[in-house]
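Down below is the structure, laid out as structure tokens.
The values are calculated or read from the model by the stated rules, or taken from the named source; none is laboratory data. Bear in mind that the values here come from a model prediction, so they are computed numbers and not experimental data. Ideal geometry is used to build each Cβ from the backbone, glycine not excepted, and the neighbour counts take in all protein chains shown. Note: accessible area is taken over every heavy atom of the protein model, side chains too, but ligands, DNA and RNA are not part of it. Shrake-Rupley method; radii C 1.70, N 1.55, O 1.52, S 1.80 Å.
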Amino acid sequence: MRTYLVTGGAGFIGSNYIHYMFRKYGEEIRIINVDVLTYAGNLENLKDVEDYPNYTFVRADICDSEAITKIFEENDIDRVVHFAAESHVDRSIKNPEVFVKTNVLGTLVMLNAAKAAWELPDGSFKENKKFLYVSTDEVYGSLDDGDNYFYETTPFSPHSPYSASKASGDMLTKAYFDTYKFPCNITSCSNNYGPYQFPEKLIPLVINNALQGKALPVYGDGKNVRDWLYVDDHAKAIDMVQEKGKLGERYNIGGHNEKQNIEIIHIILDTLQEMLPDSDPRKALVSEKLITYVTDRKGHDRRYAIAPDKIKAEIGWYPETMFAEGIKKTIQWFFEHEDWMKNVTSGDYQKYYEEMYKNK
Ligand code: NAD
Ligand code: DAU
């Protein structure tokens, strides 16, 4: 049975990935999820799988080298999928230190622990082991409003403390391949959306605020462009890169789905209007009047756009969920999980861990 060590599995993409993997492989795999549970980590995201015999949760900080080494010593780990990170650009502008600690030093701890566990006395590595660093398109910097794209060969030019810290973790991973032939891949994905996304990010924030008749803050002129991908498509791409990716290679992941922020907000408002029944009192609250232009994000990247040609050609991955379908699925999920959103916005979700482990 193949054993996966997933870091940051209680966050947005990590929890979706764990669900995806259990849906796909069932009892054929074992997953160990290591997460320190920052504000972004929520074990409610994994309620459906927490009792699976082939799932284990370990609360630990990826910067804690002793705790991470212990996991490798006690388990024969075959795959590492390294999601754990501080992930929100606005927070990085206010408080960069924790981004460097987790995203750079934490990544180094993960690389060293995997290397120590997998390296053979002659400096080669055990067969069929792989570490995947989940990077971001933000390492490439920003594009203008033309029809140019980020390729795997695009030079790095990160602008925010977040993207600079992710670029550092990314380059460390690459350096471990170049120096030691450490078995790894790097994936650079565009903006994700879907279930369990924390409502500090644009799409869940707009859905949540609109349903309560609260202001929808638009940074700057609202014309910054992001390239949106449904989170299950990202999970699938990561799995395919783990299985088919050539060692040491980087793969861009994106859906050719570029939209201005203001377009996204209009699509969400229209979709909410379409999906809410007339009898629902929230329907009257959902209105374009909520759109509020606010001061721009400092150093705001103008446009991200991924060229996913390499992953398509070499690995056969392509995005399956069109935006119109993905946004409906996401909104439907939020309709069906009002308690999840209430627990997150009230802070109650942080009590879940204590509750869950009280009787164990
Ligand atoms: P998230 O903020 O929702 O989740 C991050 C998770 O990491 C949380 O569960 C948190 O508790 C955990 N974590 C943070 N610091 C930790 C530490 N020191 N030790 C252990 N666990 C820790 O993030 P996300 O949006 O799910 O992103 C996951 C990864 O994907 C990140 O590496 C991010 O850079 C990358 N990524 C995100 C997107 C996106 O659109 N969200 C796109 C491309 C790449
Ligand atoms: O591109 C991948 C990246 O996407 C990931 O690496 C990051 O972890 C993830 O957070 C995301 O970064 P962004 O900064 O692009 O996402 P965010 O949802 O914060 O913002 C999306 C766009 O919307 C961005 O141009 C800023 C704008 N925005 C955001 C918020 C929260 C607003 O106009 N208003 C808002 O309230």
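Would you confirm whether or not the range 142-155 contains a residue that is away from ligand 1 (no atom under 14 Å from the Cβ), over 26 Å from ASP232 (Cα atoms) and either assigned to a helix (DSSP H, G or I) or under 20 Å from the mean Cα position of the chain (by Cα) (or both)? No, that holds for no residue.
For the range 199-229, the tally of residues that are open to solvent by 10 Å² or more (accessible area, probe 1.4 Å) and part of a strand (DSSP E or B) stands at 4. Just one of the listed residues (LEU285, LEU276) is at pLDDT 95 or above, away from ligand 1 (no atom under 16 Å from the Cβ) and either surrounded by fewer than 18 Cβ atoms within 10 Å (Cβ to Cβ) or charged (D, E, K, R) (or both), and it is LEU285. Selection of first residues in the range 76-99 that are more than 18 Å from CYS63 (Cα to Cα) and more than 13 Å from ligand 2 (Cβ to nearest atom) and of second residues that are in a strand (DSSP E or B) and of a type in the set (D, E, K, R), restricted to Cβ pairs under 7 Å at least 6 apart or on distinct chains, gives the following pairs, ordered by first then second residue: ASP78/ARG2; ARG79/ARG2; ARG79/LYS130. In the range 320-354, the qualifying residues are those that are without any contact (Cβ under 8 Å) to a residue 12 or more places away in the chain and farther than 27 Å from GLY255 by Cα, and the one that is least open to solvent (accessible area, probe 1.4 Å) is GLY347. Filtered by the rule that a residue be among the acidic types (Asp, Glu) and either away from ligand 2 (no atom under 13 Å from the Cβ) or surrounded by fewer than 22 Cβ atoms within 10 Å (Cβ to Cβ) (or both), the range 152-198 gives GLU152, ASP178. Counting only strands (runs of 3 or more DSSP E) wholly contained in the range 1-97, the ones carrying 3 or more residues that are open to solvent by 10 Å² or more (accessible area, probe 1.4 Å) and not hydrophobic (A, V, I, L, M, F, W, C) occupy 55-59.
For residues in the range 112-151 being within 16 Å of ligand 2 (Cβ to nearest atom) and hydroxyl-bearing (Ser, Thr, Tyr), which is most open to solvent (accessible area, probe 1.4 Å)? Looking at the filtered set, the residue picked out is TYR151.
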